[in-house]
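Peer 1: What follows is a structure written as structure tokens; I'll ask about it next.
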Amino acid sequence: MSPAHFARRAEKLQPSSIRKMMIIAKRLISEGRTVFELNIGQPDVPCIPVFLDAIAARGREGRLNYAPFIGENCLRQAYARYLNDHFDRRGAQHLVVDSENVLVTCGASHALTSTFLSICDPGDEILCVEPFFPPYTGFLGIADGVLRSIPTYAEQGFALPTIEEMERYITPKTRALLFTSPSNPSGKILSPQEVTRLARLALKFDIFLIADEVYREMVLGDREAFSILQVDLEPAEMERLKHRIIVIDSASKAFSLCGARIGFVISRPEIIQKISLVNAHTVACVSDILQHGVAVAYEHVIKNPSFFTELRRTYRERLEAAMEAIHKYLPWAIVPRPDGAFYVMIQFPEIEDITEYCLFMLEKFNVDNETVAVTPAASFYLSPGRGRNEMRLALVVSPEKIKRSIFIMAEAYKAYKAYLKEQGKDIVAQNSRRLSNNDRGYINQENPSDCTGCAGYSVEAIVE
Ligand SMILES: Cc1ncc(COP(=O)(O)O)c(C=O)c1O
């Protein structure tokens, strides 16, 4: 008999770097420190009010029932209506979605985990665009799958490589391509051409195409996010593609409802039925009261589209505050301007391992008892060495607090350099590249874009 032990699957799982920082930040807060928590994508914006009214009313009825494992009909219908309305309002052609195409999950996290469990056997690979949301590794680890990445670079506006270059990363074990647009962490919105390129690649290798669109409404510039549901190919190709598309979404960011844990998988009915069985055999179902609340939230934004206009205004103000403060306090930093989501990636070109500086700032440094938590970027990459001199800020506090945080970061950087000097160490890494004029030119620049708009795409129902 072998002694009690954990499964290899569980042994491999680690808390994400984002959560590690959060634990330290929470401890410091409990000790009386003010910590600006720019390390986690948890908006401070209050949640959509109609949600609270809806769950209160439902709660007073005194019934908390099991829901259907595929999700409550009212939410599946409301979500399908919202999605069609989202594209129609922008005059964009798209694959029409019906409630049969919608599965309700415990947040996008569970939507992704269930999808991976449904399409991956042990050892199978998912190929994602790098930089990526680090928990993808763990979600896939649960299915004993392996994450591989296609690198993209800030210096190139995180542009997707050509099909030929991307093909190099596909192996016989690749089950799906995975991309996030708008991206966490880079803020990149993939152009119609780039999304179409991914669609062609998926078709060529007959694999699934998973589009994580949780930041669809979070557009920071003047370019809408182009959805996989808008791709237009030849009819025969389109027919095949429809059976390969899996969209992931969530109420967490759109409505500041991270704690409600409501997410979605959108796909063909037969794919939805298959993935819904993972719901049935894991969580059984998603909370019925919260599903009712979120259904009311989607109904609300269909009638009041200005809700998202306001939300965008909030995040745009925060981005402007961040860019202004970076320009003022960290003028040498390399900062690609994000198109969407609510994060900013900052490169400190001199630094060799930014984690040390981030921990120093959080634990050993403060200005008037105030300090800042950020996320070191190495975990957003699989490519060795990438992200070591980079961090991610989440724009989840007010513009004033963002400015103050960036000021503290600059002060902490001076103190960190002095601290290293005292120890006889040098901040400038032996092998670090010097700031080139090119890099300087990139500071606070708009991302290059090859978007040519999205007119002319044909409408076809995803359900038949
Ligand atoms: C790109 C991306 N996908 C998925 C998720 C998970 O979202 P949820 O809270 O709905 O599980 C997040 C959360 O930050 C995210 O940034």
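The values are calculated or read from the model by the stated rules, or taken from the named source; none is laboratory data. What you see is a predicted model, and the numbers here were worked out from it, not measured in a lab. Ideal geometry is used to build each Cβ from the backbone, glycine not excepted, and the neighbour counts take in all protein chains shown.
Peer 1: Being buried (at least 20 other Cβ atoms within 10 Å of the Cβ), at positive phi and modelled with pLDDT of 95 or more is the requirement here; does GLY107 meet it? Before you say what the answer is, go through the steps one by one.
Peer 2: Working: buried (at least 20 other Cβ atoms within 10 Å of the Cβ): yes; at positive phi: yes; modelled with pLDDT of 95 or more: yes.
In short, yes.
Peer 1: Could I ask something else about it? In the list GLU125, GLU130, which residue meets the criterion of being within 14 Å of the ligand (Cβ to nearest atom), charged (D, E, K, R) and either crowded, with 21+ Cβ neighbours inside 10 Å or under 26 Å from LEU160 (Cβ atoms) (or both)? Even if it seems obvious, please write down each step before you answer.
Peer 2: On the way: GLU125 fails: within 14 Å of the ligand (Cβ to nearest atom).
When all the criteria are applied, what remains is GLU130.
Peer 1: Right, here's the next one. Could you say which residue among HIS110, HIS86 is touching a Lys or Arg at 6+ places or on another chain (Cβ under 8 Å) and within 16 Å of the ligand (Cβ to nearest atom)? Steps first, please.
Peer 2: On the way: HIS86 fails: within 16 Å of the ligand (Cβ to nearest atom).
Residue meeting the stated conditions: HIS110.
Peer 1: Farther than 23 Å from LYS12 by Cβ, among the charged types (D, E, K, R) and assigned by TED's automatic domain parsing to the domain that holds LYS204 - does that describe any residue in the range 127-136?
Peer 2: no
The rows are residues; the columns are (1) away from the ligand (no atom under 15 Å from the Cβ); (2) hydrophobic (A, V, I, L, M, F, W, C); (3) without any contact (Cβ under 8 Å) to a residue 12 or more places away in the chain.
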site: ARG244; (1), (2), (3): yes, no, no
site: ALA254; (1), (2), (3): no, yes, no
site: LYS274; (1), (2), (3): yes, no, no
site: HIS281; (1), (2), (3): yes, no, yes
site: CYS285; (1), (2), (3): yes, yes, no
site: ILE289; (1), (2), (3): yes, yes, no
site: VAL294; (1), (2), (3): no, yes, no
site: TYR298; (1), (2), (3): no, no, no
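Peer 1: Taking the range 256-272 on its own, how many of its residues are surrounded by fewer than 24 Cβ atoms within 10 Å (Cβ to Cβ), within 16 Å of the ligand (Cβ to nearest atom) and in a helix (DSSP H, G or I)? Give the steps one after another, and end with the answer.
Peer 2: Of the range 256-272, the ones surrounded by fewer than 24 Cβ atoms within 10 Å (Cβ to Cβ) are 256-259, 261, 268-272.
Retained after the next criterion (residues that are within 16 Å of the ligand (Cβ to nearest atom)): 256-259, 261.
Cutting the leftovers down to in a helix (DSSP H, G or I) gives us 258-259.
Adding up the residues that qualify gives 2.
Peer 1: Being surrounded by 21 or more Cβ atoms within 10 Å (Cβ to Cβ), part of a helix (DSSP H, G or I) and among the small types (Gly, Ala, Ser) narrows it down to one of ALA321, ALA325, so name that one.
Peer 2: Details: ALA325 fails: surrounded by 21 or more Cβ atoms within 10 Å (Cβ to Cβ).
Being surrounded by 21 or more Cβ atoms within 10 Å (Cβ to Cβ), part of a helix (DSSP H, G or I) and among the small types (Gly, Ala, Ser) holds for just one of ALA321, ALA325, which is ALA321.
Peer 1: State yes or no: is VAL397 closer than 30 Å to VAL50 by Cα, more than 18 Å from the chain's Cα centre (by Cα) and of a type in the set (A, V, I, L, M)?
Peer 2: Details: closer than 30 Å to VAL50 by Cα: yes; more than 18 Å from the chain's Cα centre (by Cα): no; of a type in the set (A, V, I, L, M): yes.
For VAL397, the condition - closer than 30 Å to VAL50 by Cα, more than 18 Å from the chain's Cα centre (by Cα) and of a type in the set (A, V, I, L, M) - is not met.
Peer 1: Identify, please: which residue in the range 25-52 is hydrophobic (A, V, I, L, M, F, W, C) and either closer than 15 Å to GLY259 by Cβ or within 16 Å of the ligand (Cβ to nearest atom) (or both) and is, among those, surrounded by the most Cβ atoms within 10 Å (Cβ to Cβ)? Please lay out each step first, then the result.
Peer 2: First pass over the range 25-52, keeping only residues hydrophobic (A, V, I, L, M, F, W, C): 25, 28-29, 35-36, 38, 40, 45, 47-48, 50-52.
Filter once more, so that each one left must be either closer than 15 Å to GLY259 by Cβ or within 16 Å of the ligand (Cβ to nearest atom) (or both): 38, 40, 45, 47-48, 51-52.
Numbers: LEU38: 27, ILE40: 18, VAL45: 16, CYS47: 17, ILE48: 24, PHE51: 24, LEU52: 14.
My answer is LEU38.
Peer 1: Determine which single condition ARG313 fails, assuming it passes every other condition in (1) over 24 Å from the mean Cα position of the chain (by Cα); (2) surrounded by fewer than 19 Cβ atoms within 10 Å (Cβ to Cβ).
Peer 2: (1)
Peer 1: Regarding ILE170, is this residue within 16 Å of the ligand (Cβ to nearest atom), within 25 Å of GLU239 (Cα to Cα), assigned by TED's automatic domain parsing to the domain that holds LEU75 and not in a helix (DSSP H, G or I)?
Peer 2: Working: within 16 Å of the ligand (Cβ to nearest atom): no; within 25 Å of GLU239 (Cα to Cα): yes; assigned by TED's automatic domain parsing to the domain that holds LEU75: yes; not in a helix (DSSP H, G or I): yes.
Considered against the rule, which asks whether it is within 16 Å of the ligand (Cβ to nearest atom), within 25 Å of GLU239 (Cα to Cα), assigned by TED's automatic domain parsing to the domain that holds LEU75 and not in a helix (DSSP H, G or I), ILE170 comes out as no.
Peer 1: Another question, if that's okay. Among residues belonging to the range 374-389 that are of a type outside the set (Lys, Arg) and either at positive phi or assigned to a loop (DSSP other than H, G, I, E, B) (or both), point out the one that is surrounded by the most Cβ atoms within 10 Å (Cβ to Cβ).
Peer 2: By that ranking, first place goes to VAL374.
Peer 1: Let me ask something additional. Quick one: which residue in ALA321, ALA225 is within 16 Å of the ligand (Cβ to nearest atom) and in contact with a Lys or Arg (Cβ under 7 Å, 6 or more places away or on another chain)? Talk me through it step by step, then tell me what you get.
Peer 2: Details: ALA321 fails: within 16 Å of the ligand (Cβ to nearest atom).
Checking each option against the conditions leaves just ALA225.
Peer 1: Hey, could you check the range 201-222 for residues that are closer than 22 Å to GLY107 by Cβ, in contact (Cβ under 8 Å) with a residue 60 or more places away in the chain and part of a loop (DSSP other than H, G, I, E, B) and say which is farthest from the ligand (Cβ to nearest atom)? Talk me through it step by step, then tell me what you get.
Peer 2: So in the range 201-222, the residues closer than 22 Å to GLY107 by Cβ come out as 208-219.
After this cut, where a residue has to be in contact (Cβ under 8 Å) with a residue 60 or more places away in the chain as well, the list is 208, 210, 212, 214-219.
Going one step further and asking which of them are part of a loop (DSSP other than H, G, I, E, B), we end up with 214-218.
On the way: VAL214: 5, TYR215: 7, ARG216: 11, GLU217: 13, MET218: 10 Å.
Looking at the filtered set, the residue picked out is GLU217.
Peer 1: For the structure I just gave you, tell me whether ARG148 is of a type outside the set (Asp, Glu), within 27 Å of GLN347 (Cβ to Cβ) and in a strand (DSSP E or B).
Peer 2: Working: of a type outside the set (Asp, Glu): yes; within 27 Å of GLN347 (Cβ to Cβ): yes; in a strand (DSSP E or B): yes.
Yes.
Peer 1: Within the range 402-415, is even one residue in a loop (DSSP other than H, G, I, E, B) and among the charged types (D, E, K, R)?
Peer 2: Of all residues in the range 402-415, those in a loop (DSSP other than H, G, I, E, B) come to none.
Among the residues of the range 402-415, not one is in a loop (DSSP other than H, G, I, E, B) and among the charged types (D, E, K, R), which makes the answer no.
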